[in-house]
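S.K.: Would you mind keeping the following structure in view while I ask a few things?
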Amino acid sequence: MPRSASPGRLGGKTDRDRLKLLFGPYTAPPLRKGERTFCLFRDCPVVVAAWSDAPIPWPRCYYAEGRARGCGLLVDEELVRAIKHESAAAVMFWWGVSRNTARRWRGAFGVGRTDNEGTHRLVYGAIQANMDSRPYGGRVWTPGEAALAGALPDGEVARRTGRTRNAVAVKRRELGRAAVRAPR
């Protein structure tokens, strides 16, 4: 079982929350052992050798041409969809791959460390958990809320976001924006 699958809490969330698939379900290709197909990661024809025993069973394959150099998961359109949208932790757990494999897949398909929806959800959750642990509580400012600071009077932003006027003023100054006066 991958290390990320161990029970416990991280960033205020249980592993079940952290490893949740946002864009599933994912369906494995209907292939049998010995069938040939094309692997998008290897960029060449491969032969299905077996099926993984991960939470989402997936075909394992090896190069069809030349000498076999090991066996790994078949990366098809469905797995690429997961790689591009799910967090690395979720991909590691559900497909049973290592951190290094997940990193190499993400790099091959143009996914950076923090630029997909699954990773954003984890990062935002960790930040919020950190804010919740502070003595005064607090909430992470969403991009929409931050856009209001300095565009509307502080009192109006406070009313719309459920924050204090002081919290709005602090955020507005943090963003380097001037105060907007309320019309009289």
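S.K.: How many nm separate the modelled label positions at Tyr124 and Arg160, each set 7 Å beyond the Cα in the direction of the Cβ?
M.R.: Between Tyr124 and Arg160, the label points sit 1.8 nm apart.
S.K.: How far, in nm, would the chain grow between Arg139 and Arg184 when pulled straight, counting 0.36 nm per residue and subtracting the alpha carbon separation?
M.R.: 13.1 nm is the gain from fully extending Arg139 to Arg184.
S.K.: Can you list the equivalent-ellipsoid semi-axes of the stretch 77-129, largest first and in whole Å, using the square root of 5 times each Cα gyration tensor eigenvalue?
M.R.: Working through the eigenvalues yields semi-axes of 18, 12, 10 Å.
S.K.: Output the direction-averaged projected area (hull surface divided by four) of the convex hull of the alpha-carbon atoms of the stretch 3-110, in nm².
M.R.: 6.9
S.K.: Which aspartates and glutamates does Lys84 reach when only Cα atoms under 15 Å apart count, and residues fewer than 8 places away in its own chain are ignored?
M.R.: Once the sequence-local aspartates and glutamates are set aside, what remains near Lys84 is Asp76, Asp115, Glu117.
S.K.: Pull out the extension gain between Trp51 and Arg103, defined as 0.36 nm times the separation in residues minus the alpha carbon to alpha carbon distance; nm, one decimal.
M.R.: Full extension from Trp51 to Arg103 adds 16.6 nm.
S.K.: What Rg and what Dmax come out for the stretch 119-174 when only alpha-carbon atoms are used, in angstroms?
M.R.: According to the Cα coordinates of the stretch 119-174, Rg and Dmax are 11.9, 34 Å.
S.K.: Next up: Given q = 0.10, 0.15, 0.19 Å⁻¹, what are the Debye log10 I(q)/I(0) values for the chain, with equal point scatterers placed on the Cα positions and solvent ignored?
M.R.: Those come out to -0.56, -0.89, -1.19, one per q.
S.K.: Next up: In Å, the Kirkwood hydrodynamic radius of the stretch 55-98 over pairs of distinct alpha carbons? Display every interim value, and only then the final one.
M.R.: Values: mean 1/r = 0.0872 Å⁻¹.
The answer is 11.5 Å.
S.K.: Then there is this: Per DSSP helix of 4 or more residues, -39500 (n - 2.57); summed, then divided by the residues of the chain. What does that give at 222 nm, rounded to the nearest 500?
M.R.: Taking each H run of at least 4 residues, the total per residue is -11000 deg cm²/dmol.
Every number in this text was worked out from the coordinates using simple rules, so none of it is lab data. Not measured: the values here are computed from a predicted model. Note: ideal-geometry Cβ built from the backbone for every residue, glycine included; neighbour counts use all protein chains shown.
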